[in-house]
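Right, one structure below, let's go through it.
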Amino acid sequence: MSAVESILWDDWHVVAELARLRRDGRIATTLLGQALILQLDSSEGGIEVLRKRSTADGYESVGASAERYGFLWVCLGTPRRPIVEFAECAEPERLTASAGSVRVAVSGLRAVENFLDLSHLAFVHEGYLGEQPHTEIQAYAVEPLADGGIIATGCRVYQPKASPVAAAGFDVDYIYAVLRPYVVVLYKANPVEPQRKDMIALLVQPVTEETCIAHMLTCYLPHDAEPGAIRRFQQFIFGQDRPILENQLPKRLPLSPRAEISVRADKSSAAYRRYLATAGVRYGAIAET
Amino acid sequence: MDRWFPVARSEEVRPGHVFQTSLLGQEIAVWRGRSGAVNAWENRCPHRGVRLSIGEQIENELRCRYHGWRFASGSGQCTHIPSHPTQKPGAALCATAYSSTERYGYVWASLQPRDDVPSLPPEGSVAVAVTPPVEGAITTLRSVYVAASLEAVAERLLLGRVARLDAYTLVTEAYDTAGVDDAAVANIDSVYWLLQPLEPCATVIHGLVGKLIPAAQRLAGLRAYNARLIGVRDAVELAR
């Protein structure tokens, strides 16, 4: 079955929000084309992860699963490294919460790239995360991370309503980091304490090469933001991205720099595609030919 | 396939609306600039692949929904990139514009560049005596989508008194009024059936009546034709 490259097959991926699994008791889902059953183990209070057998009927246990940050994580192969680390979530004063999961009919790599994208904010999220005529994107820096992945710093966008507690518009400083092929995080200035940053991570579950579930993890400073408001705000924002993502052709992300035209503002997107190509990521991508 | 295909009725392509269709598996965005000229473009922005059919027509330009890039009617040339508003986009930065034109009440497009105009009966069609439609003396019918191959649709149409002029064009001379109890569709000079191959198993039938149906009979006539076309569609789809 494992035609999927090791960098994905032997890594950890989110497959469900724990709160939903505890509520529903049992969830059927798919990861990297592999059908899974997630269910509460009634005797021990744990969680059982089963995968459909490839050669016979029925299901068998999946080797590795873990609960972290309010989500259930699964590794279908042999874990080569730990679950991605978010240091902010360990800070006790912060509010770590899942902001929900959204199924999108597009490659998860397209969803990650959209999350990194600055220049759509004034159009797709107009009135919230951007506003015309503040459309110009100033130069920002993109560098590789030591463990693989990329980091974009010095990103600055004028935002009329940057978060559920933002009262007025202001220039927001962003840092973006792609930590794994399907994991991306942003740090943005808090509206109350602009020198400190709120964190939002997009943990993308590759369902098939052309469908994904985007799980949102938020880690906010405690100023007035309550989990329900954060969740509603993030789902509203992602609801604006979804119809855009589902209208991208092709559905998989082309890695060749000649496939789609990029400009300077797309520096992080171009670096992301290069990183995927170099790391040998093929699932959800159209490889350079 | 180097030829003209009808891709939309002219009256359906109005300023402010971007019409989505496809031709031989290629998605197309059809739209009309403020100048009145029609465009048939590959239905994806060259920047990040978003369908241009969800974009917005602004005067003589189409604006992509994702990043607000603007493309000029006619050439497809990118005229404005909001993330770099003071820079002029390069001449090579264009939406892919296919050849397009209007004739006989339809927008026509070709995936290969063409500088001629579409004609009916089509050039090189089989020798059948047919009346060429006259611009301005035409009634276009509601186009009907059929979830079947072009050949399956053509075969079904050929069960009537229909001649096939070429692979994509059929014609009814002296409409068979047997079973159609409606004077409005009788004594029609000629009806052309123009087949638009969307994909291998999806076809649109465009019907072009070679006369202006008088106003008093127009609604009844259009309904009678529509019922026949729906009958063709249902028969073909059920036979699959």
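Only one of (1) in contact with a strand residue (DSSP E or B) (Cβ under 7 Å, 6 or more places away or on another chain); (2) within 10 Å of chain A (Cβ to nearest Cβ) fails for B:I81. Which number is that?
Here B:I81 clears every test but (1).
Report, by residue number, each residue of segment A:5-16 that is open to solvent by 20 Å² or more (accessible area, probe 1.4 Å) and touching a Phe, Trp or Tyr at 6+ places or on another chain (Cβ under 8 Å). Working first, answer last.
First, pick out the residues of segment A:5-16 that are open to solvent by 20 Å² or more (accessible area, probe 1.4 Å): A:5-7, A:9-10, A:12.
Correct list: A:E5, A:W12.
I'd like the residue in segment A:111-130 that is in contact with a strand residue (DSSP E or B) (Cβ under 7 Å, 6 or more places away or on another chain) and within 30 Å of A:G33 (Cβ to Cβ) and, out of all such residues, is most open to solvent (accessible area, probe 1.4 Å).
Filtering first and then ranking leaves A:F115.
This table checks each residue for (1) within 14 Å of chain B (Cβ to nearest Cβ); (2) open to solvent by 10 Å² or more (accessible area, probe 1.4 Å); (3) out of contact with any Cys (no Cβ under 9 Å at 6 or more places or on another chain).
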{"residue": "A:D198", "(1), (2), (3)": "no, no, no"}
{"residue": "A:L203", "(1), (2), (3)": "no, no, yes"}
{"residue": "A:P206", "(1), (2), (3)": "no, no, no"}
{"residue": "A:K251", "(1), (2), (3)": "yes, yes, yes"}
{"residue": "A:V263", "(1), (2), (3)": "yes, yes, yes"}
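Can you go through B:T79, B:T86 and tell me which one is assigned to a loop (DSSP other than H, G, I, E, B), of a type in the set (V, I, T) and at pLDDT 95 or above?
B:T86
How many residues, within segment B:35-55, are hydrophobic (A, V, I, L, M, F, W, C), open to solvent by less than 10 Å² (accessible area, probe 1.4 Å) and within 14 Å of chain A (Cβ to nearest Cβ)? Lay out the reasoning, then the answer.
Going residue by residue through segment B:35-55, those that are hydrophobic (A, V, I, L, M, F, W, C) are B:37-38, B:40-41, B:45, B:50, B:52, B:54.
Narrowing the set further to residues that are open to solvent by less than 10 Å² (accessible area, probe 1.4 Å) leaves B:40-41, B:45, B:50, B:52.
Filter once more, keeping what is within 14 Å of chain A (Cβ to nearest Cβ): B:41, B:45, B:50, B:52.
Residues flagged as hydrophobic (A, V, I, L, M, F, W, C), open to solvent by less than 10 Å² (accessible area, probe 1.4 Å) and within 14 Å of chain A (Cβ to nearest Cβ) within segment B:35-55 amount to 4.
Out of A:E88, A:E48, report the one residue that is in a strand (DSSP E or B) and more than 14 Å from chain B (Cβ to nearest Cβ).
Values: A:E88 fails: in a strand (DSSP E or B).
Just one listed residue meets the conditions, A:E48.
So how many residues does segment A:131-168 have that are among the small types (G, A, S) and in contact with a strand residue (DSSP E or B) (Cβ under 6 Å, 6 or more places away or on another chain)? Talk me through it step by step, then tell me what you get.
Here is the first cut: in segment A:131-168, the residues among the small types (G, A, S) are A:139, A:141, A:146, A:148-149, A:152, A:154, A:162-163, A:166-168.
Those left that are additionally in contact with a strand residue (DSSP E or B) (Cβ under 6 Å, 6 or more places away or on another chain): A:141, A:149, A:152, A:154, A:162.
So the count comes out to 5.
Residues in segment B:193-220 that are surrounded by 13 or more Cβ atoms within 10 Å (Cβ to Cβ), modelled with pLDDT of 90 or more and either within 21 Å of the chain's Cα centre (by Cα) or among the hydroxyl-bearing types (S, T, Y) (or both): how many?
Result for segment B:193-220: 16.
Identify all residues within segment A:149-167 that are among the aliphatic types (A, V, I, L, M), open to solvent by 30 Å² or more (accessible area, probe 1.4 Å) and not in a strand (DSSP E or B); write none if there are none. Explain how you work it out, then say what you get.
To start, the set of residues in segment A:149-167 that are among the aliphatic types (A, V, I, L, M) comprises A:150-152, A:157, A:162, A:165-167.
With the extra rule that they be open to solvent by 30 Å² or more (accessible area, probe 1.4 Å), the set shrinks to A:151, A:165, A:167.
Answer for segment A:149-167, where residues must be among the aliphatic types (A, V, I, L, M), open to solvent by 30 Å² or more (accessible area, probe 1.4 Å) and not in a strand (DSSP E or B): A:V165, A:A167.
Quick grid of which residues meet (1) under 28 Å from B:E27 (Cβ atoms); (2) touching a Lys or Arg at 6+ places or on another chain (Cβ under 7 Å); (3) hydrophobic (A, V, I, L, M, F, W, C); (4) not assigned by TED's automatic domain parsing to the domain that holds B:S53:
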{"site": "B:C94", "(1), (2), (3), (4)": "yes, no, yes, no"}
{"site": "B:A129", "(1), (2), (3), (4)": "no, no, yes, yes"}
{"site": "B:Y145", "(1), (2), (3), (4)": "yes, no, no, yes"}
{"site": "B:A163", "(1), (2), (3), (4)": "no, no, yes, yes"}
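Check whether at least one residue in segment A:113-131 is more than 14 Å from chain B (Cβ to nearest Cβ) and either in contact (Cβ under 8 Å) with a residue 40 or more places away in the chain or part of a strand (DSSP E or B) (or both), and report yes or no. Even if it seems obvious, please write down each step before you answer.
Let us first name the residues in segment A:113-131 that are more than 14 Å from chain B (Cβ to nearest Cβ), namely A:127-128.
Add one more test, that the residue is either in contact (Cβ under 8 Å) with a residue 40 or more places away in the chain or part of a strand (DSSP E or B) (or both), and what stays is A:128.
Scanning segment A:113-131, I find at least one residue that is more than 14 Å from chain B (Cβ to nearest Cβ) and either in contact (Cβ under 8 Å) with a residue 40 or more places away in the chain or part of a strand (DSSP E or B) (or both), so the answer is yes.
Anything in segment A:217-241 that is of a type in the set (F, W, Y) and open to solvent by less than 30 Å² (accessible area, probe 1.4 Å)? List them, or say none.
Taking segment A:217-241 and keeping what is of a type in the set (F, W, Y), we get A:220, A:233, A:236, A:238.
Answer for segment A:217-241, where residues must be of a type in the set (F, W, Y) and open to solvent by less than 30 Å² (accessible area, probe 1.4 Å): A:Y220, A:F233, A:F238.
Taking B:C78 as the residue in question, decide whether it is touching a Pro at 6+ places or on another chain (Cβ under 6 Å) and under 25 Å from A:F115 (Cα atoms). Don't jump to the end; show me each part of the working.
Values: touching a Pro at 6+ places or on another chain (Cβ under 6 Å): yes; under 25 Å from A:F115 (Cα atoms): yes.
For B:C78, the condition - touching a Pro at 6+ places or on another chain (Cβ under 6 Å) and under 25 Å from A:F115 (Cα atoms) - is met.
If we keep just the residues of segment A:204-260 that are polar (S, T, N, Q) and free of Cβ contacts under 8 Å to residues at least 40 places away in the same chain, which is nearest to A:Y69 (Cα to Cα)? If you could, list the steps in order and put the result at the bottom.
So the first thing to find is which residues in segment A:204-260 are polar (S, T, N, Q), and the list is A:205, A:208, A:211, A:218, A:234-235, A:240, A:247-248, A:256.
With free of Cβ contacts under 8 Å to residues at least 40 places away in the same chain added as a condition, the list becomes A:247, A:256.
Details: A:N247: 31, A:S256: 35 Å.
The residue in question is A:N247.
What's the number of the only condition in (1) more than 14 Å from chain A (Cβ to nearest Cβ); (2) surrounded by 20 or more Cβ atoms within 10 Å (Cβ to Cβ) that B:S75 fails to meet?
With (1) more than 14 Å from chain A (Cβ to nearest Cβ); (2) surrounded by 20 or more Cβ atoms within 10 Å (Cβ to Cβ) applied to B:S75, the lone miss is (2).
Against the condition surrounded by fewer than 19 Cβ atoms within 10 Å (Cβ to Cβ), away from every other protein chain (no Cβ under 14 Å) and either within 14 Å of the chain's Cα centre (by Cα) or among the basic types (K, R) (or both), how does B:R32 come out, does it pass?
Here the answer is no, as B:R32 does not meet what is asked.
Could you please let me know if A:A146 is open to solvent by 50 Å² or more (accessible area, probe 1.4 Å), outside any strand (DSSP E or B) and farther than 22 Å from A:Q195 by Cβ? Don't jump to the end; show me each part of the working.
Numbers: open to solvent by 50 Å² or more (accessible area, probe 1.4 Å): yes; outside any strand (DSSP E or B): yes; farther than 22 Å from A:Q195 by Cβ: yes.
For A:A146, the condition - open to solvent by 50 Å² or more (accessible area, probe 1.4 Å), outside any strand (DSSP E or B) and farther than 22 Å from A:Q195 by Cβ - is met.
Which residue is least open to solvent (accessible area, probe 1.4 Å), if the candidates are limited to segment A:17-28 and must be free of Cβ contacts under 8 Å to residues at least 40 places away in the same chain and not hydrophobic (A, V, I, L, M, F, W, C)? Lay out the reasoning, then the answer.
Step one: list which residues in segment A:17-28 are free of Cβ contacts under 8 Å to residues at least 40 places away in the same chain, which gives A:22-28.
Restricting the remaining residues to those that are not hydrophobic (A, V, I, L, M, F, W, C) gives A:22-26.
Numbers: A:R22: 130, A:R23: 173, A:D24: 69, A:G25: 22, A:R26: 141 Å².
Among residues in segment A:17-28 that are free of Cβ contacts under 8 Å to residues at least 40 places away in the same chain and not hydrophobic (A, V, I, L, M, F, W, C), the one least open to solvent (accessible area, probe 1.4 Å) is A:G25.
Could you say whether any residue in segment B:56-66 is away from chain A (no Cβ under 12 Å) and among the β-branched types (V, I, T)?
We begin by selecting, within segment B:56-66, every residue away from chain A (no Cβ under 12 Å); these are B:57-62.
After this cut, where a residue has to be among the β-branched types (V, I, T) as well, the list is B:58.
The answer is yes, given that some residue of segment B:56-66 is away from chain A (no Cβ under 12 Å) and among the β-branched types (V, I, T).
Please go through segment A:92-110 and give me each residue that is open to solvent by less than 30 Å² (accessible area, probe 1.4 Å) and within 20 Å of A:W73 (Cα to Cα), ordered by number.
Matches in segment A:92-110: A:A97, A:S98, A:A99, A:G100, A:V102, A:V104, A:S107, A:G108, A:L109.
Against the conditions (1) open to solvent by 40 Å² or more (accessible area, probe 1.4 Å); (2) under 17 Å from the mean Cα position of the chain (by Cα); (3) within 14 Å of chain B (Cβ to nearest Cβ), where does A:I244 fall short? Just the number, please.
(1)
Kindly evaluate A:I213 against the criterion of being of a type outside the set (D, E), crowded, with 20+ Cβ neighbours inside 10 Å, in the same structural domain as A:I150 (by TED's automatic domain parsing) and touching a Leu at 6+ places or on another chain (Cβ under 6 Å).
Numbers: of a type outside the set (D, E): yes; crowded, with 20+ Cβ neighbours inside 10 Å: yes; in the same structural domain as A:I150 (by TED's automatic domain parsing): yes; touching a Leu at 6+ places or on another chain (Cβ under 6 Å): no.
For A:I213, the condition - of a type outside the set (D, E), crowded, with 20+ Cβ neighbours inside 10 Å, in the same structural domain as A:I150 (by TED's automatic domain parsing) and touching a Leu at 6+ places or on another chain (Cβ under 6 Å) - is not met.
Would you check which residues across segment A:97-131 are out of contact with any Gly (no Cβ under 7 Å at 6 or more places or on another chain) and among the polar types (S, T, N, Q) and list them?
A:S101, A:N114, A:S119, listed by residue number.
So how many residues does segment B:137-162 have that are open to solvent by 30 Å² or more (accessible area, probe 1.4 Å), free of Cβ contacts under 8 Å to residues at least 60 places away in the same chain and among the small types (G, A, S)?
2
The values are calculated or read from the model by the stated rules, or taken from the named source; none is laboratory data. These figures come from a predicted structure and were not determined experimentally. Quick reminder, even Gly has a Cβ in these numbers, built from the backbone with ideal geometry, and neighbours come from all protein chains shown. Heads up: the accessible areas ignore ligands, DNA and RNA and are worked out on the full protein's heavy atoms, side chains in. Shrake-Rupley method; radii C 1.70, N 1.55, O 1.52, S 1.80 Å.
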